[in-house]
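For reference, the structure is listed below as structure tokens.
The values are calculated or read from the model by the stated rules, or taken from the named source; none is laboratory data. On a predicted model such as this, the values are computed, not experimentally measured, just so you know. Please note: Cβ atoms are built from the backbone with ideal geometry, for glycine as well, and neighbour counts cover all protein chains shown. What goes into the accessible areas is simple: the full protein's heavy atoms, side chains included, and nothing from ligands, DNA or RNA. Shrake-Rupley method; radii C 1.70, N 1.55, O 1.52, S 1.80 Å.
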Amino acid sequence: MRARSFPSILAALIFTLSATPASLLADDEEGFKPIFDGQSLEGWRPHGDDESYWRVEDSAIVGESTEEHQLGHNTFLVWDHGQVDDFELRLQFRISGSDEANSGIQFRGVQREDGHVIGYQADIDRAGNWIGCLYDEAQRGVLGTRGQLVRVNQNGGLAVQQVDDAAELFSHVNIDDWNDYTISARGNVIKLSINGHLTVEVTDDQPEGLDLSGLLALQLHAGPPMKIEFRNIRLKRFPFEDGRAKIVFIAGSASHGYYEHEHNAGCLLLAAHLNEAAREHGLPVTTAVYNNGWPKDPTALDNADCVVSYCDGGGGHYLNDRLDDFDWFVENQHVGLVCIHYGVEVPAGPSGEHFLKWIGGYFEPHWSVNPHWNASFDELPEHPITNGVEPFTINDEWYYHMRFPENMEGVTPILTDLPPRETLDREDGPHSGNPHVREAVLQRMEPQHVGWAFERPDGTGRGFGFTGGHFHANWANDDFRKLILNAIVWLAKVDVPAEGVPSKTPTPEEMDANQKAPKKK
């Protein structure tokens, strides 16, 4: 993958509209993965008391209002295992009730506190007024109706071409039976198809309205009694084609006390800074954060350029049982891997060998150690990861004496210091000391690398190991934080800005957000 340039994100796209024969709908399903198990609402979340309107019946998700149980507001069933960005969604739907029956499929959306999901909607209704249209729920309204080719300009104006007959397209809808709905969103181009016929195509050039990622949800509309059913829900992700990189954070559960090992809060904070750099400075990245362990989203890594692993490690590292699976993404997708703090530790053997291959080093028990100490990084190498980073000193649980390849092939030390003698005062143990580390530090006085970049010699991408990150408070240090943001961007093969990734010092409120452990009194 070539390095992406910093400024340009959206390229001009040529778009065409044509009907696709139904026989071609059954083309290859390669890459599509089910996100509904056909048996339960596992992975699908209603809002508050609206749970009573949703159920599973005959292998379908059912949303229903009745005379006895009427619905006075739109309600939404949110897929809570992930968000969608560049993707194709395939499902079947059936709608029943009066001609006022209305529903839809929300995508790249945002949920308000009242439960309303706003943003793009692939519309569904029985009367044929809106089915197959693209709607911007609770925002800009109708963006394109059946048979239209639409371009939304930067100011929100619509350039519309009617290239197919709306009534003829509606004639292909089985209004009393099951229908195939396909939603494709790639960059700023969105296409909707029903039963193999493309109903609308919209190119959204309005920066304030364009959503490139967000929630997926199913809608049950307010109004007279109605019933909407969805089944065979499959999702496929696409690599970005507009110059952006996809960065996936996988956070482990919190395991220590307040402000320690706050993996969820740390990942959300770092992702927020990358998202702000994308919005405010044009950094071509999109992030996704999966909290509390390995993603339940089966498509989580399918279009990832870089994965950030911030979690507890050792024998409980979530990659230990997924070595072959993750290796596929390294070999075939050239995914970069950033491992932070405890996330750099795995057992020697197969896990250690994979980490040497993926990030060029790891914490090996009975070889490496994990003391708390003040590390001073007075000299930083010239590398994209150090762009804009000034020398700094900070206290952390800096693991050191990592297991590296003997010849250090592909490894570039980024953060290096000589630990003080007192870091080896503990008795020998799997993490506290051993003859090897004592000889290296106390006798040979070898400076230790606690942050390193890795370019895989086999050409399958990049890695980065960083042993700090025990204390959540350290993310407020501008140089500490900038170095990690730079590393993530470099691993995603995005050009790191000359002054580093722009990132404002977090406010106390931002630092306290998303903490899992209770605050100490």
**Study point:** Cα centroid of region 411-460 to Cα centroid of region 272-322, whole Å
**Key:** 27 Å
Exercise for review: Among DSSP beta bridges whose residues both lie in region 291-437, state the antiparallel percentage, nearest 5.
Suggested key: 55 percent
**Study point:** GluC sites (Glu not before Pro) within region 472-521, DSSP loop, no more than 12 other Cβ atoms inside 10 Å
**Key:** GLU499
Exercise for review: Could you work out the local net charge near ALA453, counting Lys and Arg as +1, Asp and Glu as -1, over the other residues with Cβ closer than 14 Å to its Cβ?
Suggested key: 0
Exercise for review: Excluding LYS482 itself, calculate the net charge of residues whose Cβ lies under 10 Å from the Cβ of LYS482, where each Lys or Arg counts +1 and each Asp or Glu counts -1.
Suggested key: -3
Study note, to complete from the structure: Here the net charge surrounding GLU390, from other residues whose Cβ is less than 15 Å away from its Cβ (Lys, Arg +1; Asp, Glu -1), is -4
Point to revise | Added length on full extension, which subtracts the Cα-Cα distance from 0.36 nm per residue, TYR258 to ASP512 | key: 90.5 nm
Practice item. Compare the Cα positions of HIS470, LEU485, THR507 along the charge dipole of region 466-521 (+1 at Cβ of Lys, Arg; -1 at Cβ of Asp, Glu; about the Cα centre) and return the one farthest towards the positive end. Key: HIS470
Check your understanding: Once amide H atoms are placed 1.01 Å from N in the peptide plane, what residues at a sequence separation of 5 or more from TYR259, or on another chain, have their amide H within under 5 Å of its amide H?
Key -> ALA517
Practice item. Please report, as a whole percent, how much of the solvent-accessible surface of region 77-143 comes from carbon and sulfur atoms (probe radius 1.4 Å). Key: 40 percent
Revision key, fill the gap. The ³J(HN,Hα) series, computed from each phi in region 250-257 with the Karplus coefficients 6.51, -1.76 and 1.60 at θ = phi - 60°, rounded to the nearest Hz and given as x for glycine or proline, is 10, 9, x, 5, 5, 10, 10, x
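Mind checking the dipole of the chain: about its Cα centre, +1 per Lys or Arg Cβ, -1 per Asp or Glu Cβ, Debye to the nearest 20?
520 debye
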Check your understanding: In Å², what does the accessible area per residue of the chain work out to with a 1.4 Å probe?
Key -> 41 Å²
**Study point:** Relative contact order for the chain, counting Cα pairs under 8 Å that sit 6 or more residues apart, in percent
**Key:** 16 percent
Check your understanding: What ³J(HN,Hα) values, in whole Hz, does the Karplus curve 6.51 cos²θ - 1.76 cosθ + 1.60 give for region 79-96 when θ = phi - 60°, with x put for Gly and Pro?
Key -> 6, 9, 8, x, 10, 10, 10, 9, 7, 10, 10, 10, 7, 10, 9, 9, 10, 9
Study note, to complete from the structure: Residue separation between GLU409 and GLU51 times 0.36 nm, minus their alpha-carbon distance, gives in nm 123.3 nm
Point to revise | Within the chain, helix-based [θ] at 222 nm, where runs of 4 or more DSSP H residues each add -39,500 (n - 2.57), nearest 500 | key: -4000 deg cm²/dmol
Exercise for review: Assign unit charges at the C-beta atoms only (+1 for Lys and Arg, -1 for Asp and Glu), then state the dipole size of region 39-91 relative to its Cα centre in Debye, rounded to the nearest 20.
Suggested key: 60 debye
**Study point:** Entries of LYS246/LYS519; LYS236/LYS493; LYS236/LYS482; LYS246/LYS482; LYS191/LYS504 with Cα pairs more than 28 Å apart
**Key:** LYS246/LYS519; LYS236/LYS482; LYS191/LYS504
Point to revise | Long-range HN-HN contacts of ARG45 with modeled amide H, under 5 Å | key: VAL78, TRP79, ASP80
Revision key, fill the gap. Over all viewing directions the Cα convex hull of region 204-357 casts an average projected area in nm² of 13.1 nm²
Review point. For region 327-354 and region 247-265, what is the separation of their C-alpha centers, rounded to whole Å?
Key: 18 Å
Revision key, fill the gap. Where a ≥ b ≥ c are root eigenvalues of the Cα gyration tensor, a/c under 1.5 meaning rounded, otherwise prolate if a/b exceeds b/c and oblate otherwise, region 106-168 counts as oblate
Check your understanding: What is the gain in length, in nm to one decimal, between LYS33 and ASP428 on full extension, counting 0.36 nm per residue of separation less the C-alpha to C-alpha distance?
Key -> 137.4 nm
Study note, to complete from the structure: Amide H contacts under 5 Å for VAL501, restricted to residues at least 5 apart in sequence or on another chain and with H modeled in the peptide plane, are ASN486
Review point. Can you give me the relative contact order of region 191-283 as a percent, contacts being Cα pairs under 8 Å and 6 or more apart?
Key: 10 percent
Check your understanding: Three principal axis extents, largest first, for the C-alpha atoms of region 280-326, in Å?
Key -> 41, 20, 16
